[in-house]
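Trainee: I have a structure here, written as structure tokens, and I will follow up with some questions on it.
All of the numbers you see were taken from the coordinates with simple rules; none came from a lab. Everything numeric in this text was worked out from a predicted model, so none of it was measured. Neighbour counts are summed over all protein chains in view; Cβ atoms, including those assigned to glycine, are modelled from backbone coordinates with ideal geometry.
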Amino acid sequence: FCTPEELEAERQYLLSIGQAPKYSGKCRNLSKEVVEKYKKEGKSFVIRFKVPQKEVEFDDLVRGKIKFDMSLSGDFVIARNFYSPLYNFACVVDDFEMKITHVIRAEEHISNTPKQILLQEALGFPRPLYAHIPLILGPDRSKLSKRHGATSIKEYRKQGYLPEALINFMAFLGWNPGGDREFYSMNSLIKEFSLERVQKSGAVFNIKKLDFLNGFYIRQKSLEKLAELCIPYLIEANLIKPQFKEREFPPAYGGKEIFTVYKISETGEEITFETLKKIVGIYQQRLKKLSEISELTDFFFKKELKYERSLLKWKDMNDEEIFKSLDKLENLLSKIDDWSKENLEKVLMEEARKFSESIKREAGDRGYLLWPLRVALTGKEASAGPFEIAEILGKEKTLLRIKRAKELIKS
């Protein structure tokens, strides 16, 4: 029945004389008559557990023996009233009812453990085994929080981190199996994991390591599956739109099947799943997370590209040389019938070597022909190879983009 003001005054006094704050036990021995009187008067109250003056010791599966002197702890609150139990009391009852054998939780709960053990002893409940794992820390070694970036699994999945990468990464936060192996499937983790190899010190959340692991698992995906995973990001970026169509299935039996087709949002052109697979495929080795696919491939879905004319320049090329390069590309490509990556590469690699010599530049430097081609097709400084891109764009779009690059240089 102590008021908040009384408890605060008590706390301040103990601090002033250099002692740790604890409840003095002022109301511990109130008579039943006084308790009933206070209840009738409507005085607010809490329910405390009477702490025995003894040591509580337990074996932590991660940290070994831990001992608490409970004489330094006052009676602690287990309920706000008869209807509102607090964490420690509710936790003990819940663990008993659910037949919990192992309590694995963060190290910040170590101080709750002796209180819960005392409650278990008072209620006659068996004691579960405890393992207190290290906290996850940010790069500055403070507790991981929102200021360090995303903190929920849902947010990381939205960014395009694969479940298997997240599981692999999180298993290594505070645990080390020994050896140099970095990639573990769920089955391997189940087989190899043990609490004995969990470290005591905090684990730093290294986003670069997560990106590395995620990139590895992206590269393990079949192209079909990866395309399916990437398409929602292309839709979200409004690069493509799904449309649902109906067709007879099975044929001649009158059944119907709903299937999905995709259209490029900006042009309205239909784009097949096979083409989307090719687009995703040329970036499979570069992707660190699925959400990057939109920014990397947006040029495939644009009617016109916008970029600075200076981007077309390789090294110190002047406008005249850039125009000659683009003009050469247009003439060469317009005569090619076999529009495969392999043939485009075969023709252009040889011509690129000759072109640098024809404009009296470094012999064999193919960038004077191929760099303007890459930029004309993508509008980007970094991209997949120009031959793969040209094959997917097709002859008509490739030539159109080269013509527009020539117009940009002329302007």
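Trainee: Using the charge dipole of the range 61-104 (Lys, Arg: +1 at Cβ; Asp, Glu: -1 at Cβ; taken about the Cα centre), state which of VAL92, PHE68, PHE82 has its Cα farthest towards the positive end.
Mentor: The one lying farthest along the dipole's positive direction is PHE68.
Trainee: Give me the dipole magnitude in Debye, nearest 20, for the chain about the Cα centre, with unit charges on the beta carbon: positive for Lys and Arg, negative for Asp and Glu. Walk me through the numbers on the way to the answer.
Mentor: Values: 71 positive and 62 negative charges, 126 e Å.
With only Lys, Arg, Asp and Glu charged at Cβ, the dipole is about 600 debye.
Trainee: At a temperature of 4 °C and a viscosity of 1.567 mPa s, determine how fast the range 309-410 diffuses translationally according to Stokes-Einstein, using the Kirkwood radius over alpha-carbon pairs as Rh; express D in µm²/s, rounded to the nearest whole number. Please report the intermediate quantities before stating the final value.
Mentor: Numbers: Rh = 13.3 Å.
The estimated diffusion coefficient comes to 97 µm²/s.
Trainee: Taking the Cα centre of the chain as the origin and placing charges on Cβ (Lys, Arg +1; Asp, Glu -1), which of LEU408, LEU290, ALA20 is farthest toward the positive end of the dipole?
Mentor: ALA20
Trainee: So which residue, out of ALA90, ALA171, ALA203, gets the largest mean-square fluctuation from a GNM of the chain using Cα contacts under 10 Å as springs?
Mentor: ALA90
Trainee: Now, a different point. Could you list which residues have their amide H under 5 Å from that of VAL51, counting only those 5 or more apart in sequence or on another chain, with H placed in the peptide plane?
Mentor: Correct list: ASP75, PHE76.
Trainee: The range 174-189 to the range 385-411: how many Å between their Cα centroids?
Mentor: 47
Trainee: DSSP loop (so not H, G, I, E, B), at most 14 other Cβ within 10 Å: list which GluC sites (Glu not before Pro) in the range 1-56 pass both filters. Before the final figure, lay out each step's value.
Mentor: Details: sites: GLU5, GLU6, GLU8, GLU10, GLU33, GLU36, GLU41, GLU55; in loops: GLU41.
Listed in order of number, the matching sites are GLU41.
Trainee: In the range 214-310, what trypsin sites (Lys or Arg not before Pro) fall in a loop by DSSP, with at most 14 other Cβ atoms inside 10 Å? Numbers along the way, then the final one.
Mentor: Details: sites: ARG219, LYS221, LYS225, LYS245, ARG247, LYS256, LYS263, LYS277, LYS278, ARG286, LYS288, LYS289, LYS302, LYS303, LYS306, ARG309; in loops: LYS221, ARG286, LYS288, LYS289, LYS302, LYS303, LYS306.
Answer in residue order: LYS303, LYS306.
Trainee: Could you tell me what percent of the DSSP beta bridges with both partners in the range 4-133 are antiparallel, to the nearest 5?
Mentor: Numbers: 10 of 16 bridges.
Roughly 60 percent of the beta bridges in the range 4-133 run antiparallel, per DSSP.
Trainee: For Kirkwood radius over Cα pairs in Å, several values are listed as (1) 21.7; (2) 28.2; (3) 27.5; flag the one computed from this structure.
Mentor: Recomputing Kirkwood radius over Cα pairs in Å here picks out (2).
Trainee: Determine ³J(HN,Hα), in whole Hz, for all residues of the range 160-171 in sequence, where each value follows from phi through the Karplus function 6.51 cos²θ - 1.76 cosθ + 1.60 and θ = phi - 60°; x replaces Gly and Pro.
Mentor: x, 8, 6, x, 5, 6, 5, 5, 4, 5, 5, 4
Trainee: Then there is this: Using all alpha carbons of the range 4-133, what is the percent of pairwise distances in each 10 Å bin, ordered from the shortest bin to the longest?
Mentor: 11, 35, 34, 17, 3
Trainee: Still on this model: Can you bin the range 167-311 into rounded, prolate or oblate? Criterion: square roots of the alpha carbon gyration tensor eigenvalues sorted a ≥ b ≥ c, rounded for a/c under 1.5, prolate for a/b above b/c, oblate for the rest. Mind showing how you got there, number by number?
Mentor: Details: a/c = 3.54, a/b = 1.66, b/c = 2.14.
Since a/c reaches 1.5 but b/c is at least a/b, the shape of the range 167-311 is classed as oblate.
Trainee: Calculate one ³J(HN,Hα) per residue across the range 77-91 by plugging θ = phi - 60° into the Karplus curve 6.51 cos²θ - 1.76 cosθ + 1.60, and present them in order as whole Hz with x for glycine and proline.
Mentor: Values, residue by residue: 6, 10, 7, 6, 6, 6, 10, 10, x, 9, 3, 4, 5, 4, 4 Hz.
Trainee: Can I ask one more? Which percent, nearest 5, of DSSP beta bridges in the chain are antiparallel? Write down the numbers at each step before the final one.
Mentor: Working: 23 of 31 bridges.
Expressed as a percentage, antiparallel bridges in the chain total about 75.
Trainee: Which residue, SER152, LEU210, LEU162, has the largest displacement toward the positive end of the dipole of the range 146-218 when charges sit on each Cβ (Lys, Arg +1; Asp, Glu -1)?
Mentor: So the residue we want is SER152.
Trainee: So what is the relative contact order of the chain, in percent, for Cα pairs below 8 Å that sit 6 or more residues apart? List each step's numbers first, then the result.
Mentor: Details: 513 pairs, mean separation 39.9, N = 411.
With pairs under 8 Å counted, the relative contact order is 10 percent.
Trainee: Tell me, what HN-Hα J-couplings in whole Hz come from the Karplus equation 6.51 cos²θ - 1.76 cosθ + 1.60 at θ = phi - 60° for each residue of the range 175-180, using x for Gly and Pro?
Mentor: 10, 9, x, x, x, 9
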